[in-house]
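Since the structure comes first, as structure tokens, the remarks are kept for the end.
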């Protein structure tokens, strides 16, 4: 019977995932080639075999496993019940002994009940120069009738001479605990040594590696095992069908979906796990959607250095002589910098190139490897990529070039200075938040200027540049998460602010320059100051029909708007209590989702409302769903579109500013917030009597 | 509870009227390490070994449900392809409780419902009639205590009860619910309620467009009353309105811990 089991397993399982087998009675027989087997039996010492990192958080010190004696163990004797507080970041670790020398191993583990995140880890002493490596584990598909599931890792290179410890790390991801049994370490693959590298284009990492944070990373360690040849095509078919049926709205389906499908097609021939899973992740990046993303362990590699400053798009009016603007992409300026670890960057400096390319062109080129890719749906909008520029540079760049400018003299260097990322000093401290606000205007103590962490807070009051007679007020906030509660934190804050403004202000600035979305009721509430009620859009989101490409014409769109107009899927803006005399300037910069809906809801209604900003919002007019696979992989995918009252399919079409204003480099040096200043100037011409 | 009782009566009256059951597609080969067992000194067989596809029933490539096999079930997500609630009061928008391994029908993951729990699978409509199929394994062995309804976002489209193929489970304990239903003009939802007294495993839910020549609808589709369907629709609408939720407190704690700790250790 043993032979039957193994033979059939070969049909479906990735060959390298095979490990031990079962005898006629169903008892587990460890792989005879294993160099270490931990069955949690009499040889297991709960104290000696538990690994506790030196920097373990004390909250995780209590033992959170117990040895269980039971005939339901794989070998009828013992298994381990693990119940860690994963939400507190606590895991359990169990040592294995590996022989001396450089080798490579695959781990297998059986789990039962609950849900776990498991990996094989090797740690080295700091003086070795070798970094900790870990291989995530995923299911092979082998299961037993009494509930055991086999997990396996990809091959992990280990230098047995230098390793401090090799261990299994297990997070229990639910509240009931999980059983684990029979960890086996099996020689597989060949040793691979990480080395330093100079950026993602450095060929030194080879085909299997990728240069991240100036270190070659072995791609297969960050992804689950490769689906076996017998199921790979079916898996790809299912992945294609999923995005074909459910993804996107009109623009993204017509323009972007085909590219993603092509990439998925290409991974049918993948022969290694990294090529397969990175291709899968890349297909999501090519969907070109603000909500859509893939997460994985490769995204979580700790940064080595700091670049404690924020970039945004602007107008480098003081440095055109040294470096003319790019014909397609806007200039990239330093908005503000933190206190330490700035690497000499200061507000007004200009990032002119990364690895010899315009920074945005360079960031776009990373979509083959960058799991942290974040891009607006609107083709011409790069605020998201620019906001993440500092992280991308640290992760992937070899060098970057900056034209430094000087507030004291209000001028810039005649030529850029180029820095090698590998030469940046080590430093992993916090970095200032990026919110596209170079300055605040509510007065000392009334804003988060120390760290730019607007987050989920609201700040409001008279702006310091206006006189008491002008009575120009501002609201600074980034969240629209109303949560469906009319009197909840967000909606009530908005309502309180608007009541205050109606009572005391003659002009209002709604500063939403890092609008991170929320819920539609929040977006609706945010429009209540400026207009009477109107139904402006219907949501066909999530997508209602399989593979629906949306309306091909405005007339079709109007038909859909009428057909789908129901009380539960519409956006109704405004309020009967709005203030028709109040001039309102809405400031945008990097805004998406509900933060698309809000400016959409106010745009064009009245001459008393103007939107100021450098570029359109993201155009992410949809909802999304979230999913997770093993090995730390997760994904989020947008679905559907929004149809405006006049028949437009909105996704991919961000809300354009009424007044396009780019932050000027000269203003940054002079301490001026160009967009705010423009709004202020306009408000002064429109003040409420 | 009133709803559960209503459906018990309704489904009991249904008899074996299941029409056009969807052909069962396996989840991959399976086998056992078991011997015949029991005689001639053969060892007592403790367990069988099966090979599952960890991606689930990928043969159903045109599945109109987001994640009919639960294989992509999220850990913390607030917006996933299924929602669960402890009752038809629909107070919650939680994730379906997770079951794993051989208790599932296909793949590695499935949903486990305590008595009275309900789940709602989110899907899309098609221009064709729909083959609806879902498997449930009631601990109490009563297929007719499981209530399955296919419904749509639109109030104007009737909610249809999907009957079990038989009152009693097959030898493996599974009940199959299947039906061919008319084409829909709005988003499609699959609702499952455990009206029994024990736990219920739900897995391998598939909604596929009918193929050419299959568009012969059964007579006498059982329509779920609007009093039953309306709250489910409302629940679904609340779940699917566009939103970006801030991470909840637990997730924030988890992510902060992960950020401040070397992930590899």
Only one of A:432, A:463, A:454 is assigned by TED's automatic domain parsing to the domain that holds residue A:618 and surrounded by 16 or more Cβ atoms within 10 Å (Cβ to Cβ); which? A:463
Number of the condition not met by residue B:50 [criteria: (1) modelled with pLDDT of 90 or more; (2) assigned to a loop (DSSP other than H, G, I, E, B); (3) in contact with a strand residue (DSSP E or B) (Cβ under 7 Å, 6 or more places away or on another chain)]: (2)
Residue count, the range A:127-137 (criterion: out of contact with any helix residue (DSSP H, G or I) (no Cβ under 9 Å at 6 or more places or on another chain) and surrounded by 24 or more Cβ atoms within 10 Å (Cβ to Cβ)): 1
Among A:372, A:355, A:289, the single one that is more than 20 Å from residue A:654 (Cα to Cα) and modelled with pLDDT of 95 or more is A:355
If we scan the range A:324-336, do we find a residue that is touching a strand residue (DSSP E or B) at 6+ places or on another chain (Cβ under 6 Å) and either surrounded by fewer than 20 Cβ atoms within 10 Å (Cβ to Cβ) or at pLDDT below 95 (or both)? yes
Please work out which one of (1) at pLDDT 95 or above; (2) more than 27 Å from residue A:142 (Cβ to Cβ) is the condition residue B:111 fails and give its number. (2)
Looking at (1) within 14 Å of another protein chain (Cβ to nearest Cβ); (2) surrounded by fewer than 24 Cβ atoms within 10 Å (Cβ to Cβ); (3) in contact (Cβ under 8 Å) with a residue 24 or more places away in the chain, can you tell me which one residue A:659 breaks? (1)
In the range A:314-331, the residues that are touching a residue at least 24 places away in the same chain (Cβ under 8 Å), assigned to a loop (DSSP other than H, G, I, E, B) and either more than 28 Å from the chain's Cα centre (by Cα) or closer than 15 Å to residue A:348 by Cα (or both): A:316, A:317, A:318, A:319, A:321, A:322, A:323, A:330
What number of residues within the range A:409-464 satisfy the criterion of being touching a helix residue (DSSP H, G or I) at 6+ places or on another chain (Cβ under 6 Å) and not in a loop (DSSP other than H, G, I, E, B)? 2
Can you name the residue in the range B:181-206 that is surrounded by fewer than 22 Cβ atoms within 10 Å (Cβ to Cβ) and either out of contact with any helix residue (DSSP H, G or I) (no Cβ under 6 Å at 6 or more places or on another chain) or at pLDDT below 95 (or both) and is also farthest from the other protein chains (Cβ to nearest Cβ) among such residues? B:197
Among what's in the range A:65-77 and is touching a residue at least 40 places away in the same chain (Cβ under 8 Å) and either more than 41 Å from the chain's Cα centre (by Cα) or assigned to a loop (DSSP other than H, G, I, E, B) (or both), pick the residue that is surrounded by the most Cβ atoms within 10 Å (Cβ to Cβ). A:74
Working only within the range A:510-535, note down all residues that are outside any loop (DSSP other than H, G, I, E, B) and either in contact with a helix residue (DSSP H, G or I) (Cβ under 8 Å, 6 or more places away or on another chain) or within 14 Å of chain B (Cβ to nearest Cβ) (or both). A:510, A:511, A:518, A:519, A:520, A:521, A:522, A:523, A:524, A:525, A:526
Exactly one of B:165, B:139, B:157 is in contact (Cβ under 8 Å) with a residue 24 or more places away in the chain and within 30 Å of residue A:539 (Cβ to Cβ), and that one is B:157
Among the numbered conditions (1) touching a strand residue (DSSP E or B) at 6+ places or on another chain (Cβ under 6 Å); (2) at pLDDT below 95; (3) more than 7 Å from chain A (Cβ to nearest Cβ), tell me where residue B:26 comes up short. (1)
Suppose we filter A:616, A:599 for residues that are more than 14 Å from chain B (Cβ to nearest Cβ), outside any loop (DSSP other than H, G, I, E, B), within 30 Å of residue A:687 (Cβ to Cβ) and in contact (Cβ under 8 Å) with a residue 40 or more places away in the chain; which single one remains? A:599
State whether one or more residues within the range A:536-556 are within 28 Å of the chain's Cα centre (by Cα) and within 25 Å of residue A:448 (Cβ to Cβ). no
Answer from A:561, A:548 - the residue that is crowded, with 17+ Cβ neighbours inside 10 Å and either within 10 Å of chain B (Cβ to nearest Cβ) or touching a helix residue (DSSP H, G or I) at 6+ places or on another chain (Cβ under 6 Å) (or both): A:548
Within the range A:158-166, does at least one residue satisfy the condition of being within 7 Å of chain B (Cβ to nearest Cβ) and in contact with a helix residue (DSSP H, G or I) (Cβ under 9 Å, 6 or more places away or on another chain)? no
Of everything in the range B:49-98, what is facing another protein chain (nearest Cβ under 7 Å), touching a residue at least 40 places away in the same chain (Cβ under 8 Å) and surrounded by fewer than 21 Cβ atoms within 10 Å (Cβ to Cβ)? Give them in sequence order. B:62
Quick one: which of B:99, B:139, B:157 is over 12 Å from the mean Cα position of the chain (by Cα), modelled with pLDDT of 95 or more and closer than 22 Å to residue B:193 by Cβ? B:139
Counting only residues that are touching a residue at least 40 places away in the same chain (Cβ under 8 Å) and facing another protein chain (nearest Cβ under 8 Å), the range A:132-144 contains a total of 8
Taking residue A:266 and the conditions (1) closer than 20 Å to residue A:632 by Cα; (2) surrounded by fewer than 18 Cβ atoms within 10 Å (Cβ to Cβ), which numbered condition does it fall short on, given that it satisfies the others? (1)
Check whether at least one residue in the range A:58-66 is modelled with pLDDT of 95 or more, in contact with a strand residue (DSSP E or B) (Cβ under 8 Å, 6 or more places away or on another chain), within 30 Å of residue A:196 (Cα to Cα) and more than 9 Å from chain B (Cβ to nearest Cβ), and report yes or no. no
For the structure I just gave you, tell me whether residue A:647 is within 21 Å of residue A:548 (Cα to Cα), within 14 Å of chain B (Cβ to nearest Cβ) and out of contact with any strand residue (DSSP E or B) (no Cβ under 8 Å at 6 or more places or on another chain). no
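The values are calculated or read from the model by the stated rules, or taken from the named source; none is laboratory data. This structure is a prediction, so every number in the text was calculated from the model and none was measured. A quick note on method: Cβ atoms are made from the backbone with ideal geometry, for glycine too, and the neighbour counts reach across all protein chains shown.
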